[in-house]
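Where a number appears in this text, it was derived from the coordinates with a stated rule and is not lab data. The shown structure was predicted, so the numbers you read here are calculated from the model rather than taken from an experiment. Because the Cβ atoms are built from the backbone with ideal geometry, glycine has one as well, and the counts that use them run over all protein chains shown.
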Amino acid sequence: MVNRAATIHSYEHFLATHNPVLRKSHGVFYSPQPVVNYIVRAVDEILRKEFNLRDGIADNVQFLDPAMGTGFFFAEVIRQVYARFSLKYGQKMWNNFAANDLLSRLHGFEVLKNSLFDCPSAVNRPLAGDRLFA
């Protein structure tokens, strides 16, 4: 398990020290986990209520994160989709759904390539059913 406080501290330090001119000119900032959780839940609710997608973010929706950093938004999307999917279809179908459907709908870009170092870890943990943070 990854220690949440250590991860946040190291990423905030990285953002403050790694190419601060590029960071400022591109508006690169860290999104705290509670903010990420809220945004993903809000998008899910809008998709269900305003667009009549019964499964919300678990439906056939494309995700674009133009500033993906360490991948926390995608990790939260995966967690929330997993929660809904596993209730509806059960755990056994999750691996096939994640590999053949969900992952192909996650698209991200990042201007600070070094921040992508933690992204595979952030995204792979919820895919494996683990919690990202202790």
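Using label points projected 7 Å from each Cα along Cα→Cβ, tell me how many nm separate LEU87 and LEU53, to one decimal.
1.7 nm
With label points built 7 Å along Cα→Cβ from the Cα atoms of ASN37 and ASP65, find their separation and express it in nm.
Placing both labels 7 Å beyond Cα along the Cβ direction yields 1.7 nm.
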